[in-house]
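Working notes, beginning with the structure itself.
Rule-based calculations on the coordinates, nothing more; no lab input. Computed from a predicted structure; not experimentally measured. Here the Cβ is made from the backbone with ideal geometry for all residues, glycine too, and neighbour counts use every protein chain on show.
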Amino acid sequence: MKKYILVVIFGLSLLACKQEPKTVVVKKTAPERHQPKNVAYQWQNAKEWLASTTDSSAIRIALAVNRTDKIHFVKMDSVIVPTDFSGDIEYYLPFPFKVKALENVNKIIFFSYPSQTFATYENGELTYTGPTNMGRKADQTPTGLFFTNWKAEETTSTFNDEWDLKWNFNIANKLGVGWHQYELPGYPASHSCLRLQEKDARYLYEWADQWILLDNNTISVKGTPVIVFGAYDFEAAKPWSQLVANPKALDISEEEITKHVSPFLKTIMTEQQKRIKYQGKK
């Protein structure tokens, strides 16, 4: 009798090994963040403010608020800066800290056209955010669901072979659209790509997953999901200029993120499962 029980248990364990891998949900601990006493903004002369500021974290926040880089920041007459820089950068950018609808999604990136910002989430927790300059009016960045595919630390633009692109990660292979480091003048100015500061471009380059190919024409596993959403009003003033009158003017709610991701959740989870299965075979 004992031998029979052992055989059955062993047989069940073999069957369990052959089952499809289950979705792995990592309980992401919310990062510890420092909240400012107040989030409010004011206009300042760009050169005067920069000359009086040595705090690197304050400079990083000011550049992000103005969706620009240091080279273009000093060229601006007036810039928007917080009255209190004591908080972490996430408090000055519009993405919500937590999205319940993403709890089972291991990794995802969002690019907001209206606010010109991006964010990464891991199992529903905001993990990284920053500014971007997306496609100009004549070459607007396509919106919808994409997946990261190939990447290169440095490559040459297909639009102009004199443009060197660092930390390039493609999201739409046939369209040639991806993110990379390039100058941020403080408004949508690219030829449809997602421009980033170098620190941010490198972070996403190292954080996101590449696709896995069976051969040159067959994708075995897609990369990290990327959702580009919303529209930019090219005729209006820069949206972030509203922050002086209303610090919450650009806030993106959890409900809005849920609305944008819901039509794609089934596809995202299917592709995530393929990656988990592939990793389980390695």
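What to note about this one:
- Options Lys137, Lys98, Lys151: the member that is under 24 Å from His34 (Cβ atoms), out of contact with any Ser or Thr (no Cβ under 9 Å at 6 or more places or on another chain) and of a type in the set (Lys, Arg): Lys98
- Answer residue from region 50-78, given it is touching a strand residue (DSSP E or B) at 6+ places or on another chain (Cβ under 6 Å) and not polar (S, T, N, Q) and is nearest to Asp251 (Cα to Cα) among those: Val65
- Selected residue (criterion: surrounded by the most Cβ atoms within 10 Å (Cβ to Cβ)) from residues of region 87-130 that are more than 29 Å from Arg275 (Cα to Cα) and either among the aliphatic types (A, V, I, L, M) or in contact (Cβ under 8 Å) with a residue 60 or more places away in the chain (or both): Gln116
- Within region 43-53, the set of residues being exposed (fewer than 10 other Cβ atoms within 10 Å of the Cβ) and under 28 Å from the mean Cα position of the chain (by Cα) is empty.
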